[in-house]
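Remarks on the structure that follows.
The values are calculated or read from the model by the stated rules, or taken from the named source; none is laboratory data. It should be emphasised that the depicted structure is a prediction, and the values quoted were computed from it without experimental measurement. Counting neighbours? That spans all protein chains shown, and the Cβs are built from the backbone with ideal geometry, glycine included. What goes into the accessible areas is simple: the full protein's heavy atoms, side chains included, and nothing from ligands, DNA or RNA. Shrake-Rupley method; radii C 1.70, N 1.55, O 1.52, S 1.80 Å.
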Amino acid sequence: MQEKVVLITGGSSGIGKQVALDCAKKGAAIVIADIDDIEGSRLQFEIISAGGRALFQQTDVTMSSSLQDAIRVALGSFGSVDYAFNNAGIESGFAGFTADYEEDLFLKMIDVNLSGVWRSMKYELEVMQEQKSGVIVNNASILGKVGHKTASPYCASKHGVIGLTKTAALEYATKGIRVNAVCPGYIETPMLERIGVIDDEQQRTTLENMHPVKRLGSCKEVTNAVLWLFSDEASFVTGTAMEVDGGYLAR
Ligand code: NAP
């Protein structure tokens, strides 16, 4: 990680924040690219106060110009983009069956969770091709591999992320660029708090029981997988969608 530059979309909170903190601890320079400027600025301060290198760039993954700015700032301040964690995402909640979703919400989910990952990759890959090196990890989900009643836009977006990941892995395999995804099970983050499952004991137990390990995952457990995929230890790993899910998908 020393001398490496890591760009993290959705890096102000939850899983992205943990990846930022752990990469910074290992000596990387971090570009936190998130729509949330209060938490993003706070995290930048936290990393710099601990002796690390970080900058926050307010970024909306639904806008190409915003992502281009984030890349420009990364190159201007730190000189490269070696690793990217395309992680920004939103939840739909469990808002109804497929036909019950409002079109606006469906399209917004796709715009942030799927098109946002594609836009991020588009500009990261431009830089990585010039560098002739780079590693991208996209944050998909267990719901990128199976369906879930009442979550059709989320499932559709995350299945799309895995398709993008595999396709780009094939395309850039001989150009020094690896592209993988992680597929977390349910992880304790503000996203789960927002959909009410952390504080509601009954819902939490139901969710925990869906994982054979009978608990939710932590941001740290996903981060460990992301850092391994970034590392040269994973030099022969590309095009994979790695499950970090307490056995959820093994059933
Ligand atoms: P989180 O704590 O809500 O973090 C997501 C971050 O992304 C937030 O800071 C959010 O800002 C930001 N964001 C939202 N829209 C954005 C946009 N248009 N442009 C840039 N940043 C944006 O959620 P998390 O649970 O860590 O989720 C991170 C990723 O993991 C998501 O892709 C999610 O689908 C995936 N995931 C999560 C779980 C889970 O159980 N938590 C499981 C599997 C996969 P705001 O807070 O201001 O919206």
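Please verify whether residue 50 is at pLDDT 95 or above and surrounded by 17 or more Cβ atoms within 10 Å (Cβ to Cβ), treating the condition exactly as stated.
So residue 50 does not fit the description; no.
Cβ-Cβ under 7 Å, sequence separation 6+ or interchain: first residue in segment 181-208 and closer than 15 Å to residue 221 by Cα and open to solvent by 60 Å² or more (accessible area, probe 1.4 Å), partner small (Gly, Ala, Ser) and more than 9 Å from the ligand (Cβ to nearest atom). Which pairs?
Short answer, once both residue conditions are applied: 188/218.
Of everything in segment 1-47 that's among the hydroxyl-bearing types (Ser, Thr, Tyr) and either free of Cβ contacts under 8 Å to residues at least 24 places away in the same chain or open to solvent by 10 Å² or more (accessible area, probe 1.4 Å) (or both), which residue is farthest from the ligand (Cβ to nearest atom)?
41
Filter segment 209-234 for residues that are hydroxyl-bearing (Ser, Thr, Tyr) and in a loop (DSSP other than H, G, I, E, B); which is farthest from the ligand (Cβ to nearest atom)?
231
Does segment 72-118 hold any residues that are over 24 Å from residue 189 (Cα atoms), part of a loop (DSSP other than H, G, I, E, B) and of a type in the set (A, V, I, L, M, F, W, C), and which are they?
81, 97
Suppose we keep only residues that are buried (at least 19 other Cβ atoms within 10 Å of the Cβ) and of a type in the set (A, V, I, L, M) within segment 53-65. Which one would you say is nearest to the ligand (Cβ to nearest atom)?
Per the stated criteria, the residue is 61.
Please specify each residue of segment 49-71 satisfying the condition of being under 13 Å from residue 33 (Cα atoms), assigned to a strand (DSSP E or B) and not aliphatic (A, V, I, L, M).
Within segment 49-71, 56, 57, 58 meet the criteria.
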